[in-house]
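Data block below; observations after.
The values are calculated or read from the model by the stated rules, or taken from the named source; none is laboratory data. This structure is a prediction, so every number in the text was calculated from the model and none was measured. Ideal geometry is used to build each Cβ from the backbone, glycine not excepted, and the neighbour counts take in all protein chains shown. Side chains included, ligands, DNA and RNA excluded: accessible areas come from the protein's heavy atoms. Shrake-Rupley method; radii C 1.70, N 1.55, O 1.52, S 1.80 Å.
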Amino acid sequence: MVDSERMLAEIAQAGLLISANPYSADVVVINTCGFIAPAKAEAIQTIRHAVASKHKGKIKKIIVAGCLSQRMGAELFNEVKGIDAVVGLSERDKIADIIKNTVISDQAVSYLEHICQLPPSDKTRLRITPKHWAYLRISEGCDHRCAFCTIPFIRGRFKSKPLEIILEEAKELADSGAVELNLIAQDTSYYGKDLKIKDGLSTLIKKLEKIPGVKWLRLLYLYPSGITDNLLETIAASEKVVHYFDIPLQHINNNILKNMRRPHNKEQIYKLIEKIKIFLPDAVLRTTLIVGLPGETEKEFEELLDFVKWAGFDCLGCFKYYPEAGTAAAQMTGQVPEKIKDQRTERLMLVQQQLVFDINKYRVGTELTCLLDSARKGVGIGRFYGQAPEIDSLCIIKNCTAKPGTFLTAKVIGVKDYDLILRQV
Ligand code: SF4
């Protein structure tokens, strides 16, 4: 999304007109994801729709940018006939010129360089999130080598953005009305290691906190072994970092963790969760898990279920494992049949559903500070600190008189599936 916002700014600054309707545009730019099979399938389907419109004469040219372009390169021209340009990640800021060239060119062209060794500067964005919240990318790439993951091949090694650049971007976002900044990276806890900044994320947080206008700082994608005591102390001492821990754990069984090439073990993960809960009793925990990695038998899966029941995650995403070309896990023996992966995904999510329903009931009667995302006819949609935008549940607020983008206090009066129902007080 940040890359899309950067491209939109480049396009607008070049004097090109951005259309709200892709079918009335001369050129459609599709920014893709491509790290697992469903993401690739979704991107390909979107490209095929665009190609169908091109054949009907509704659009003239199709440009494909983003991760799938970086991953597949010129192969994409064969995968879907009708693409006019394929643009790699490091060419993102040249998008306006690429559009102009594509309009006048009769030939399909690929704009692909090697993976950029520098973090992108995301300054000047035409934001597509609501005015009051934004993503703040603090680095690019990843130095971990999880056996199932394609991201390091696509986005390269971990590259921290210099502190001054992040602060400039954060100020720019705050000046444009963002009160909530969601820090993103492939691993936010790794921030600063390549720049030799001691306790990098803590150092960054302490500087970001000083920016006037920012009220909530949210740390997404914290790698478990990167959550140090120093970081927990910084979060506890901070008035702006919300007590929301998004820790993609992937699994709990020691053999599976080893197969995944994760550096920590089950015992360390249990201790970490315990420590967070003791340190910050109001911590909201989110995780993502992968089921069906090669070698996962019923025994390992049940160990994962037991862990989920024990941890009581407020939010949890479960992915079934996809053997991605080029990854170590795709070569492993003991691949799990798709049907079993589907069943395990469903079983895990049903266990999690019951846990969330219980946690939600426990919140009834409490008062929460919510950031209002939208409001219509006295009913607001907002989030308390334990709900990240786009991925988590919501607060449905009755008797709402506040304006979107502002904070309000509301009492939880009920639940609706995963969402909370509140009344403004
Ligand atoms: S830490 Fe995340 S991005 Fe990095 S290799 Fe592992 S799964 Fe991929």
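Total residues in segment 126-149 satisfying the condition of being away from the ligand (no atom under 16 Å from the Cβ) and small (G, A, S): the figure is 1. Selection within segment 237-262: residues that are open to solvent by 20 Å² or more (accessible area, probe 1.4 Å) and not in a loop (DSSP other than H, G, I, E, B). The member of this set that is farthest from the ligand (Cβ to nearest atom) is A237. The one condition from (1) within 28 Å of the chain's Cα centre (by Cα); (2) part of a helix (DSSP H, G or I) that I62 does not meet is (2). Screening V29 on (1) modelled with pLDDT under 95; (2) assigned to a strand (DSSP E or B) shows it passes everything except condition (1). Tell me, yes or no, whether segment 46-55 has at least one residue that is open to solvent by less than 50 Å² (accessible area, probe 1.4 Å) and within 27 Å of the chain's Cα centre (by Cα). Yes, that holds for at least one residue. The listed residues are T333, T287, and the only one of them that is among the polar types (S, T, N, Q), closer than 23 Å to P389 by Cα and not in a helix (DSSP H, G or I) turns out to be T287. Restricting segment 390-414 to residues that are under 26 Å from the mean Cα position of the chain (by Cα) and under 22 Å from Q354 (Cα atoms) leaves a set whose member that is least open to solvent (accessible area, probe 1.4 Å) is C395. Comparison of L181, L220 shows that the only residue that is modelled with pLDDT of 95 or more, more than 16 Å from the ligand (Cβ to nearest atom) and not charged (D, E, K, R) is L181.
Residue-by-condition table, conditions (1) in contact (Cβ under 8 Å) with a residue 12 or more places away in the chain; (2) crowded, with 18+ Cβ neighbours inside 10 Å:
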| residue | (1), (2) |
| --- | --- |
| V284 | yes, yes |
| T287 | yes, yes |
| E298 | no, no |
| D342 | yes, no |
| R347 | yes, no |
| N360 | yes, yes |
| T366 | yes, no |
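Checking each residue in segment 85-109 for being over 27 Å from the mean Cα position of the chain (by Cα) and open to solvent by 20 Å² or more (accessible area, probe 1.4 Å) picks out D97, K100, N101, V103, I104, S105, D106, Q107, A108, V109.
Return a yes/no flag: does segment 147-161 have any residue that is touching a helix residue (DSSP H, G or I) at 6+ places or on another chain (Cβ under 9 Å), on the phi < 0 side of the Ramachandran plot and among the polar types (S, T, N, Q). Reasoning before the result, please.
Taking segment 147-161 and keeping what is touching a helix residue (DSSP H, G or I) at 6+ places or on another chain (Cβ under 9 Å), we get 147-151, 153-156, 158, 160-161.
Adding the requirement that they be on the phi < 0 side of the Ramachandran plot leaves 147-151, 153-155, 158, 160-161.
Narrowing further to those that are among the polar types (S, T, N, Q): 150, 160.
Yes, some residue in segment 147-161 is touching a helix residue (DSSP H, G or I) at 6+ places or on another chain (Cβ under 9 Å), on the phi < 0 side of the Ramachandran plot and among the polar types (S, T, N, Q).
Screening I278 against (1) hydrophobic (A, V, I, L, M, F, W, C); (2) assigned to a helix (DSSP H, G or I); (3) touching a residue at least 24 places away in the same chain (Cβ under 8 Å) leaves a single unmet condition, (3).
Any chance segment 117-125 includes a residue that's more than 16 Å from the ligand (Cβ to nearest atom), free of Cβ contacts under 8 Å to residues at least 40 places away in the same chain and not in a helix (DSSP H, G or I)? No - not one qualifying residue is present in segment 117-125. Exactly one residue out of Y221, Y191 is within 30 Å of I269 (Cβ to Cβ) and surrounded by 22 or more Cβ atoms within 10 Å (Cβ to Cβ), and it is Y191.
Going through segment 138-157 one residue at a time, which ones are over 25 Å from P294 (Cα atoms), in contact with a Lys or Arg (Cβ under 7 Å, 6 or more places away or on another chain) and open to solvent by 10 Å² or more (accessible area, probe 1.4 Å)? Residue satisfying the conditions is E140 alone. In segment 1-19, the residues that are of a type in the set (K, R) reach residues that are open to solvent by 10 Å² or more (accessible area, probe 1.4 Å) with C-beta atoms within less than 7 angstrom, at least six apart or across chains, in these pairs: R6/R92; R6/D93; R6/R125. Only one of the numbered conditions (1) closer than 26 Å to E5 by Cβ; (2) more than 16 Å from the ligand (Cβ to nearest atom); (3) hydrophobic (A, V, I, L, M, F, W, C); (4) surrounded by fewer than 22 Cβ atoms within 10 Å (Cβ to Cβ) is violated by L204, and that is (4).
Residue check: is A39 under 24 Å from the mean Cα position of the chain (by Cα) and farther than 17 Å from I11 by Cα?
yes
Once segment 300-340 is narrowed to residues that are over 16 Å from K258 (Cβ atoms) and of a type in the set (A, V, I, L, M), the residue that is most open to solvent (accessible area, probe 1.4 Å) is A325. Restricting segment 207-218 to residues that are open to solvent by 50 Å² or more (accessible area, probe 1.4 Å) and out of contact with any strand residue (DSSP E or B) (no Cβ under 9 Å at 6 or more places or on another chain), the residue that is nearest to K131 (Cα to Cα) is P212. For segment 379-389, the candidate set comprises residues that are closer than 22 Å to P281 by Cβ and part of a loop (DSSP other than H, G, I, E, B); within that set, the residue that is most open to solvent (accessible area, probe 1.4 Å) is Y385.
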